[in-house]
1. Computed from the coordinates I sent, Cα Rg over 2.2 N^0.38 Å equals one of (i) 1.06; (ii) 1.11; (iii) 1.32. Tell me the label.
2. Where Lys and Arg each count +1 and Asp and Glu each count -1, what net charge lies around F67 among other residues with Cβ under 12 Å from its Cβ?
3. Skip the ligands, DNA and RNA, and give the accessible area per residue of the chain with a 1.4 Å probe, whole Å².
4. Each label point is 7 Å from the Cα along the Cα-to-Cβ direction; what then is the distance between the points at M24 and Y39, in nm?
Amino acid sequence: KDSSRTPEEKAEVGELKRRIQEAMKKLPQREQDLIEAKYMYDKKLKDISVEFNISQSRISRIIQILFKC
């Protein structure tokens, strides 16, 4: 937790987090897991590729497609 944020910034971050969680619920479970691995657990594409048994380039394409929506 970052105590240097203003109450307004904390509220904005909270709202953004809620909206991201709602949007992720609409994704298939596999895509949710992939996004969590990349952005919440900060895993490298190489590691995600092994875990999900798909190529790194495929992971990149999935992420690009998801974030265009």
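1. Working out Cα Rg over 2.2 N^0.38 Å from the coordinates points to (iii).
2. +2
3. That works out to 85 Å² per residue.
4. Here the answer is 0.8 nm between the modelled labels.
The values are calculated or read from the model by the stated rules, or taken from the named source; none is laboratory data. These figures come from a predicted structure and were not determined experimentally. Note that each Cβ is placed from the backbone with ideal geometry, even for glycine, and that neighbours are counted across all protein chains shown. Surface accessibility is based on the protein's heavy atoms, side chains included, excluding ligands, DNA and RNA. Shrake-Rupley method; radii C 1.70, N 1.55, O 1.52, S 1.80 Å.
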